[in-house]
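S.K.: This is the structure, below, for whatever I ask next.
The values are calculated or read from the model by the stated rules, or taken from the named source; none is laboratory data. Just so you know, these numbers come straight off a predicted model, no measurement behind them. When we count neighbours, we look across all protein chains shown, and the Cβ atoms used for this are built from the backbone with ideal geometry, even at glycine. For the accessible areas, the whole protein counts, side chains as well, though only heavy atoms, and no ligand, DNA or RNA atoms are used. Shrake-Rupley method; radii C 1.70, N 1.55, O 1.52, S 1.80 Å.
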Amino acid sequence: MSVTQQYLLDTHRARQHGEPVPPAPGRNDWRVVRELRDHRRLRAVLAGRPARGRAREALGRWLRGRPWAGR
């Protein structure tokens, strides 16, 4: 069963029971991504790591070569 079919089935059941219809698939995707990003930043701060720029620093180390390998 596809996501669309499941959504239509859930919508039909909700209307039969007089309940609110569920949100359409993909409607809250960006909100979930933002919440995940915020959660990861919070965990980084609580662990004593920088909350921003970690990926850019890691990419820079990778592009410059491996400075920890005896350079």
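S.K.: Quick one: dipole size for the chain, taken about the Cα centre, charges +1 on Lys/Arg Cβ and -1 on Asp/Glu Cβ, in debye to the nearest 20.
M.R.: Dipole magnitude for the chain comes out near 780 debye.
S.K.: Return the inverse of the average 1/r over all pairs of distinct C-alpha atoms in the chain, which is the Kirkwood hydrodynamic radius, in Å to one decimal.
M.R.: Roughly 16.4 Å, rounded to one decimal.
S.K.: Continuing with this model, one more query. If the chain between residue 16 and residue 57 were fully stretched, how many nm would it gain, using 0.36 nm times the residue separation less the Cα-Cα distance?
M.R.: 9.4 nm
S.K.: List the relative contact order of the chain as a percent without decimals, with contacts defined as Cα pairs under 8 Å and 6+ residues apart. Before the final figure, lay out the partial values.
M.R.: Values: 20 pairs, mean separation 10.9, N = 71.
Averaging sequence separation for qualifying contacts and normalising by length gives 15 percent for the chain.
S.K.: Where the accessible area of segment 13-52 is counted over protein heavy atoms with a 1.4 Å probe, how much of it, in %, is carbon and sulfur?
M.R.: Working: 1960 of 3800 Å².
C and S atoms contribute 52 percent here.
S.K.: Still on this structure, I have one more. On C-alpha positions alone, give me the angle between the axis of helix 54-64 and the longest principal axis of the chain, in degrees, nearest 10.
M.R.: That helix lies at roughly 50 degrees to the long axis.
S.K.: Something else: Highest mean first, how do 25-36, 3-14 rank when packing is the count of other Cβ atoms within 10 Å averaged over residues?
M.R.: 3-14, 25-36
S.K.: Which angle between 0 and 90 degrees, to the nearest 10, do you get for helix 29-46 versus the longest principal axis of the chain when only C-alpha atoms count?
M.R.: 40
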